[in-house]
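Just so you know, all these numbers are worked out from the coordinates, no wet-lab data involved. None of these values were measured; they are calculated from a predicted model. For neighbour counting, all protein chains shown are included, and Cβ atoms are generated from backbone atoms with ideal geometry for every residue, glycine included.
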Amino acid sequence: MDELEKRMLKEVAELDSLPVGAFNIRSNGESAGRCSTANIQIESRESGDGINVYFKDGTKNESCHIPVIISKSGHKECVYNDFFVGSDCDVVIVAGCGISNCGGHDSQHDGIHTFHIGKNSKVKYVEKHYGEGNGTGKRFMNPTTVVNLDEGATMEMDTSQIAGINDTYRITKAVLGPGATLIMHDKILTNFDQTAKAEITVELNGDDSVCDIVSRGVAKGESEQDVIIDIAGNAKCKGHAECDSIIMDKGVIVATPKLKATCVDASLIHEAAIGKIAGEQIIKLMTLGLNEQEAEQKIIEGFLR
Amino acid sequence: MLELQNISFHADDKDILKNINLKIDDKFVAITGPNGSGKSTLLKVIMGIIKPTEGRVLFDGQDITDLEVYERANLGISFAFQQPVRFKGLKVKDLLSIAAGEGVDVSKDCKYLSAVGLCAKDYLNREINDTLSGGEMKRIEIAMAAARGGKLSLFDEPEAGIDLWSFQSLIKVFENLRRVTNGNIMIISHQERILEIADKIIYLKDGVVDRFDESAKIMSELNMGRYGCGCAYSQKEGACNG
Ligand SMILES: Nc1ncnc2c1ncn2[C@@H]1O[C@H](COP(=O)(O)OP(=O)(O)OP(=O)(O)O)[C@@H](O)[C@H]1O
Ligand SMILES: [Mg+2]
């Protein structure tokens, strides 16, 4: 792996070296390393456009890293990764994609991740998207995440797109069975003329299923964000969504909440707020010695943590 | 140390501060006076949060009237707000490390927090958002001022909303600031016990410095009932006739 790839790995997966546990590193459409473990099996899909990852029942305290790097200007790909997590597991899955585009052609990664999470299993899923490069070629990323949670299963998702992606369309679809829990923290920062669209759809189909969605966005420059959170309560369930955004400069944010209840015992809440950084927050940090730009940066850093 | 020359502040057709002249060299100065008399406005003028309509502010002989808030902060002036500001996502330890101007130092943070009666273990990782109670926010605000430990620490009603923990501990925080950092303190308070330990008291009324004198002298006048509503007297008697 060259220096660029190493740096991108660090950005998207916080990796300084090859990860421990199972991993699959995809670089410019080719495998740059793969490792299965006794409990986690990674296989190429027959169609050759992605991987299937199998977690044995009862796999605990293990992790699976599947970072993707694109450094060739003009590389475009569509990748399907399916995760089959057995029952009673407790695992961490770290995905992430970095595009470095210094050339004149557009680069694009579309990743469709589908999770089948078995009874009483717990999955923590971390996904970071990052772009860089000073070429005229654009960087596009369109992740789709489909989550099927079986009885008593829990998925904790930490997804973010912090910089450098010109346009993104992020789709998340989750279906929850009885007693299942989905916790999702989604963060997006856009700048310049970037655009981002996020669509999060949750179906609470099982009794005692719970979802808690927190979406935070910061739109700087002339960027635009469009966030839709759509929760359906079809059983005795609890759904909570919070969509909180900061706009700066000439940024535009559209937040659309949608709640639908088809069961009298469904309890659904959606909170949405958009505003600029509070002046008093900047002043407070200035009394601690930060200038205005530093103060804004700290506030956004905290907000998107 | 601090000199205010002809400071006036007008807003909304109102004279909120009227030609204030003060020369302060004392270590511990309390500002008191009725609600709405301009106390917070005066401290904000010193910190640079409010620009006076007229007049100059001198700090250690330097004219700081045109300096920004952060430039004054870097000269060693700090400010604890009457209503502390809340942040989504920033944690107590983040603000303490910004305040101290260094990376996170758990043992130091622990010292600042325990001085205000908070256990670092429970609070360092708390977000400074609306899950913290009013009293907790006030205590953290004081801890931050202590962490900055500059030449001039400004406190706007630090004791308001704080239970009886604490009074002694609070006073210890001020004494520490005075002793350890050899800093000066200006504190807005309606509390008799704070007014008593001050070297001097500024009594502000309708945007004018009504009195500026030794604490003992002003306290005896206050106790004789010369001043009404909003001051130590009315708090002590629990009656307001002013
Ligand atoms: N920007 C402003 N515009 C208009 N009026 C203001 C402004 N700032 C302060 N005031 C008014 O000036 C007066 C002084 O306010 P200030 O907050 O300084 O009072 P205070 O002495 O600190 O009162 P308290 O004891 O209630 O804290 C009040 O009447 C307030 O309403
Ligand atoms: Mg006040």
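Quick rundown of the values:
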item: Calculated diffusion of chain B, Stokes-Einstein form, Kirkwood radius summed over Cα pairs, 4 °C and 1.567 mPa s, µm²/s; result: 70 µm²/s
item: Net charge contributed by nearby residues that have their C-beta within less than 12 Å of A:GLY152 (K/R +1, D/E -1); result: -3
item: Relative contact order computed over chain B (Cα-Cα under 8 Å; 6+ residues apart), in percent; result: 24 percent
item: Lysines with Cα under 17 Å of A:LYS220, excluding same-chain neighbours fewer than 8 positions away; result: A:LYS187, A:LYS197, A:LYS250, A:LYS276, A:LYS298
item: For chain B, the longest site-free run once GluC sites (Glu not before Pro) in DSSP loop states with at most 15 other Cβ atoms within 10 Å are removed; result: B:103-242
item: Euclidean distance of C-alpha centroids, region A:82-100 and region B:34-63, integer Å; result: 57 Å
item: Average Cα contact separation per residue, chain A, under 8 Å, 6 or more apart, as relative contact order %; result: 10 percent
item: Label-point gap, in nm, between A:GLU292 and B:VAL180 - each point 7 angstrom along Cα→Cβ; result: 3.4 nm
item: Partner aspartates and glutamates for A:LYS258 [C-alpha distance under 16 Å; skip if fewer than 8 residues away on the same chain]; result: A:GLU199, A:GLU203, A:ASP212, A:ASP226, A:ASP230, A:GLU242, A:ASP244, A:GLU271
item: Whole-number percent relative contact order across region A:198-305, with pairs defined as alpha carbons under 8 Å at least 6 apart; result: 25 percent
item: Between region B:8-28 and region A:1-68, the Cα center-to-center distance that results, in Å; result: 65 Å
item: Global geometry of region A:3-278, whether rounded, prolate or oblate, following the gyration tensor of its Cα atoms and the 1.5 cut on a/c; result: oblate
item: Antiparallel %, DSSP beta bridges [both residues in the protein assembly as shown], to 5; result: 15 percent
item: Quotient of C-alpha Rg and 2.2 N^0.38 Å, computed over region A:35-86; result: 1.33
item: Distance from region A:251-296 to region A:112-159 (C-alpha centre basis), Å; result: 23 Å
item: Value at 222 nm in deg cm²/dmol, rounded to 500, when DSSP H runs of n ≥ 4 in chain A each add -39,500 (n - 2.57); result: -3000 deg cm²/dmol
item: Cα shape, region A:106-258, gyration tensor, a/c 1.5 rule; result: prolate
item: Summed side-chain charge close to A:ILE112 - residues other than A:ILE112 whose Cβ falls under 15 Å, Lys, Arg +1, Asp, Glu -1; result: -1
item: Hits among aspartates and glutamates - C-alpha to C-alpha of B:LYS217 under 15 Å, sequence gap 8 or more where chains match; result: B:GLU192, B:GLU196, B:ASP199
item: Residue-count net charge about A:ILE247 - beta-carbon cut-off 12 Å; Lys, Arg +1, Asp, Glu -1; result: -1
item: Amide proton proximity set for A:GLY50, modelled H, under 5 Å, gap of 5+; result: A:ARG45, A:TYR80
item: Global form of region A:1-57, assessed from the alpha-carbon gyration tensor, a/c cut-off 1.5; result: oblate
item: Helix-derived mean residue ellipticity, 222 nm - over chain B, DSSP H n ≥ 4, -39500 (n - 2.57), to 500; result: -10500 deg cm²/dmol
item: Zero-based 10 Å bins, Cα pair distances in the protein assembly as shown, whole percents; result: 3, 16, 21, 20, 15, 12, 9, 3, 0, 0
item: Between helix B:167-180 and chain B: long-axis angle, C-alpha atoms, 0 to 90°, nearest 10; result: 90 degrees
